[in-house]
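Visitor: Take this structure first; my questions come after.
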Amino acid sequence: MKRFVEGEDRLQVALLPHCLDDYVTENNPVRVIEAFIDELDLARLGFEGVVPETTGRPAYHPATLLKIYLYGYLNRIPSSRRLERETQRNIELMWLTGRLMPDFKTIADFRKDNGPAIRATCRQFVMLCRRLDLFSEAVIAIDGSRFKAVNTRDKNYTHGAI
């Protein structure tokens with residue numbers, strides 16, 4: 001990938017940890033994220049920045065930022081500031097990104113600028129899960145919560161008022 005910020009090789013030996021690949025087990029969900037995103041055609045899905053600019057500072061590849069976003073989604077980390085912190089301390093994210101650590105603004109701008117493409121990616125993931133028969137047809141969810149609204153007494157209907 002020319003003209004993009006490059007990450008470190010996962011098999012490169014360092015002082016601590018010795019090799020990031022040793023800390024990520026074979027059945028870890030980050031390996032699924034890696035394999036899924038590597039098979040996507042990001043340009044066809046509509047991601048911006050797939051073709052790098054010829055001038056200026058090299059950008060992060062959209063696949064790297066999408067991996068961070070999906071990791072955050074799967075692990076209930078919605079905040080771009082928390083995702084930035086996780087890229088600096090979480091071994092799974094270090095493995096996934098090749099020790100790249102984009103700042104929170106880069107992550108937030110990626111999310112803001114690529115909303116339709118991210119939705120298309122989620123659609124691709126659901127289609128893949130259906131092809132692999134990972135969904136059961138017996139899943140039913142019902143939300144029967146009732147909350148009393150803050151409104152005038154004239155428009156507040158309860159069982160007693162009806």
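The values are calculated or read from the model by the stated rules, or taken from the named source; none is laboratory data. Everything numeric in this text was worked out from a predicted model, so none of it was measured. Glycine gets a Cβ as well: all are built from the backbone with ideal geometry, and neighbour counts include every protein chain shown. We work out accessible area using only protein heavy atoms, side chains counted, and drop any ligands, DNA or RNA first. Shrake-Rupley method; radii C 1.70, N 1.55, O 1.52, S 1.80 Å.
Visitor: Could you check segment 102-112 and list, in sequence order, the residues that are under 14 Å from the mean Cα position of the chain (by Cα) and part of a helix (DSSP H, G or I)?
Guide: Phe104, Thr106, Ile107, Ala108, Asp109, Phe110, Arg111, Lys112
Visitor: Look at segment 92-149 and say how many of its residues are touching a Leu at 6+ places or on another chain (Cβ under 8 Å) and among the acidic types (Asp, Glu).
Guide: The qualifying residues number 0.
Visitor: Additional query: Of the residues Ile33, Ile77, which single one is open to solvent by less than 50 Å² (accessible area, probe 1.4 Å), under 25 Å from Leu11 (Cβ atoms) and either over 12 Å from the mean Cα position of the chain (by Cα) or of a type outside the set (Gly, Ala, Ser) (or both)? Let's see the steps before the verdict.
Guide: Numbers: Ile77 fails: under 25 Å from Leu11 (Cβ atoms).
Testing whether each residue is open to solvent by less than 50 Å² (accessible area, probe 1.4 Å), under 25 Å from Leu11 (Cβ atoms) and either over 12 Å from the mean Cα position of the chain (by Cα) or of a type outside the set (Gly, Ala, Ser) (or both) leaves just Ile33.
Visitor: While we're here: Tell me, yes or no, whether segment 52-64 has at least one residue that is more than 14 Å from Met101 (Cα to Cα), surrounded by 14 or more Cβ atoms within 10 Å (Cβ to Cβ) and among the small types (Gly, Ala, Ser).
Guide: Scanning segment 52-64, I find no residue that is more than 14 Å from Met101 (Cα to Cα), surrounded by 14 or more Cβ atoms within 10 Å (Cβ to Cβ) and among the small types (Gly, Ala, Ser), so the answer is no.
Visitor: Could we say that Arg131 is modelled with pLDDT under 85 and open to solvent by 90 Å² or more (accessible area, probe 1.4 Å) here?
Guide: When the stated conditions are applied, Arg131 does not pass them.
Visitor: Any idea which residue in segment 1-48 is modelled with the lowest pLDDT, counting only those that are of a type in the set (Asp, Glu) and within 12 Å of Thr97 (Cβ to Cβ)?
Guide: Glu8
Visitor: Further, regarding this structure: If a residue must be farther than 16 Å from Cys122 by Cβ and assigned to a helix (DSSP H, G or I), how many such residues does segment 64-86 contain? If you could, list the steps in order and put the result at the bottom.
Guide: Quick first cut of segment 64-86, residues farther than 16 Å from Cys122 by Cβ only: 64, 77, 79-86.
This time we only want the ones that are assigned to a helix (DSSP H, G or I), so: 64, 80-86.
Counting residues in segment 64-86 that are farther than 16 Å from Cys122 by Cβ and assigned to a helix (DSSP H, G or I) gives 8.
Visitor: All but one of (1) at pLDDT 95 or above; (2) open to solvent by less than 80 Å² (accessible area, probe 1.4 Å) hold for Arg85; state the number of the condition that does not hold.
Guide: (2)
Residues are listed down the side, and each one gets a yes or a no for (1) in contact (Cβ under 8 Å) with a residue 40 or more places away in the chain; (2) over 21 Å from Asn27 (Cβ atoms):
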residue	(1), (2)
Leu65	yes, yes
Arg76	no, no
Arg81	no, yes
Glu86	no, no
Thr97	yes, no
Phe110	yes, yes
Ala117	yes, yes
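Visitor: Any chance segment 90-101 includes a residue that's open to solvent by 20 Å² or more (accessible area, probe 1.4 Å), in a loop (DSSP other than H, G, I, E, B), touching a Pro at 6+ places or on another chain (Cβ under 7 Å) and hydrophobic (A, V, I, L, M, F, W, C)?
Guide: no
Visitor: Here is a further query. Any idea which residue in segment 10-23 is farthest from the chain's Cα centre (by Cα), counting only those that are open to solvent by less than 100 Å² (accessible area, probe 1.4 Å) and in contact (Cβ under 8 Å) with a residue 60 or more places away in the chain?
Guide: Result: Pro17.
Visitor: Okay, next question. Restricting attention to segment 75-112, which residues are over 15 Å from Thr64 (Cβ atoms) and among the β-branched types (Val, Ile, Thr)?
Guide: Ile77, Ile91
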